[in-house]
Amino acid sequence: MWGAARLAFLLRSVEVLGKNLAHLGHRLVVRSGRSEEVLPRLAAEVRAEAVFANKRYEPYAQARDRKVASALYGQGVGFELSKDAVAWEEREILTQAGNPFTVFTPYSKVWRSRPQPTPVPRLMQAKEPAPEVPSDPLVLDPSVWGHPLRQPLPAAGERAALDLLERFLDGPVFRYDTARDLPAEDGTSSLSPYLRVGSIGIRTVLARLRAVREKADAPGQRGCDVWLTELIWREFYQQVLHNFPHVLKGAFRPEYDAIRWSDDEGHFQAWCTGRTGYPIVDAAMRCLAATGTMPNRARMIVAMFLTKDLMISWQRGERWFMQQLLDGDLAANNGGWQWSAGTGTDAAPYFRIFNPVTQGEKCDPTGAFVRRWVPELAKLPDATIHQPWEEPFFSPARSGYPDRIVIHAEQRPKCLAMFKAVKRGTDA
C-alpha cells in the first residue's frame, strides 16, 4: 500500500542518508531485488561475517527478516536485529499476568514508569576508505514504480528532522495540549514521517522532550505530557499489531467482522475527494490529497464520518489513508481507524459518534482551516461556515459546493442499530 508521497519521501531520505554517510567516509550501496536474495549476495561480495539491521514490527517485515536470516545463516553469515524504532518493544511491557496490554491507559502508566532509554552514540568517521562495491542508481522518481507524485514534499533527512524537533520544542510543544486540536494552527511537530523512515530516533526525541519539560512551567509541562502521550500511542499500536496480527485483516474485536457495512461507492468517492457537504470533513480530505498530511483531530473526524455517518468499512478508509499519507505508519493507521470505528482496543467503543458540525466549530472556530481548503465557502460568516445549509442565501448550485450527502441526525441511530445488531448476535 505504498503511496506516491510516502515512497518519494523515503527515497529522498535514503538519498540524504547516502550523503551523510559519504561525509563520514562511509558508502551507501543500493541494490534492487528481494532482500533474502540480494543481501546474502552482497554479504558474500564484501566477505561480511555478520549483517546488522534495525528491527521492524509489521508482520510482513518480520516475515521478510526471517527469510533474510535463514538465507544468511545458510552461508555462515550472522544476522542481528536491534531495537531502534521504539523505546519499548512488543513484549517488554506486559500486564502482571504476562499478557500484552489491550487498553491504552494502563499500558501508558507502565510505559511512563520505565526509565527512558538514552540515545546511542553517533556514527564515527571511517578509519579507512570505504570498499569499492558496485551500487545500483537510486531512482528518486516514484512514477517509475507507477506512483505519480502530485504534491510537494518536505525536506528529507536527519538535519531536517532535528530542525523540526527544535522548532517544536522551542514553543509549540508547550501549547500542544490545546493547539493540536486546531488544524488551522501549526501546533503539531510534523515529525511522524521522519520517525517512520528512521531519519530521527525515538530516543533522541524523548531525551530532548525530557530536557525541555524540566525547564517548563506547569502549563508548558502539560503540553509536553500530552505530546508524550501521543508518542506512547505510537508504541502501543506497534505492540498491538505484533501481538494481535489479525488486526491487519479484520477487527481487533472479531465480533465486529460481522457488520454489514455500506458499499455505496458514490458516498466513498465523495469522502475521498472532499465533496460530502460537511466542511470540516471536506477540508481535511482535501488537505490530505494536497499535502499527504492531516492533523490528528481531523483524522478522527473524517474516520468517524466514514464509519459512523456513511457506515462504510474502516478498512476502505484505512487503505485510502495508506495510499495518501506521507507518514503512513501501518500500526498507527490501523489502530487509529479501528479506534474511530469502534472495532479496536478502545474502552469506549461504537457508541462514540462525532457530530461533524460541532467538531468543526470546536476545532476550527473561525473557519480558517475550512476557508483555506474549501474556497467555495470562503465568504460565509463564522456562524454558518460549518453548516452552510443554515445560511439563508447559500446555494450549492451557485457556490459549487455540494449539499450534504447524508444527514448526521438521521445516520446516528442507523449506525447504533447496525452495531447493536451485531452485539445481539454475539450475546445470543
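Laboratory data are not the source of any read-out in this text; all were calculated from the coordinates shown. No experiment lies behind these values; they were computed from the predicted model shown. Cβ atoms come from the backbone with ideal geometry, glycine included; neighbour counts cover every protein chain shown.
Thinking of the range 254-427 as a set of Cα atoms, what percent of all their pairs are more than 20 Å apart? Above the 20 Å cut-off, the range 254-427 has 50 percent of its Cα pairs. For the range 52-208, lysine pairs with C-alpha atoms less than 23 angstrom apart, excluding pairs fewer than eight positions apart on the same chain, total 4. The length gained on full extension between residue 63 and residue 409, counted as 0.36 nm times the residue separation minus their Cα-Cα distance, comes to 120.0 nm. Kirkwood Rh over alpha-carbon pairs of the range 242-326, then Stokes-Einstein at 10 °C and 1.306 mPa s: what D in µm² s⁻¹, rounded to an integer? Value of D from the Cα-based Kirkwood radius: 118 µm²/s. A cut-off of 5 Å between modelled amide H atoms, ignoring neighbours fewer than 5 places along the same chain, links residue 262 with 312, 313. Mean Kyte-Doolittle hydropathy of -0.5 or higher plus an axial Cα length of 27 Å or more: which whole DSSP H helices in the chain meet both? The answer, listed by residue number, is 4-23, 218-243. When only Cα pairs below 8 angstrom with a gap of at least 6 residues are kept, the chain shows a relative contact order of 18 percent. Rounded to the nearest 0.05, the FRET efficiency derived from the C-beta distance between residue 216 and residue 91 at R0 = 25 Å is 0.15. Which of 418, 311, 124 moves most in a GNM of the chain, Cα contacts under 10 Å? Judging by the Gaussian network model, the answer is 124. Straight Cα distances below 18 angstrom link residue 414 to the lysines 308, 423, with same-chain residues fewer than 8 positions distant left out. Charged side chains reduced to their Cβ positions (Lys and Arg at +1, Asp and Glu at -1) give the range 254-427 a dipole of some 120 debye around its Cα centre. When the chain is treated as a GNM with alpha-carbon contacts under 10 Å, the residue of 355, 54, 243 showing the greatest mean-square fluctuation is 54. The slack between residue 30 and residue 420, meaning 0.36 nm per residue of separation minus the straight C-alpha distance, is 135.1 nm. Taking the chain as a Gaussian network of alpha-carbon nodes connected by springs under 10 Å, the highest mean-square fluctuation of the residues 186, 136, 177 belongs to 136. Here r is the Cβ-Cβ distance between residue 379 and residue 118 and R0 is 56 Å; the resulting FRET efficiency, rounded to 0.05, is 0.55.
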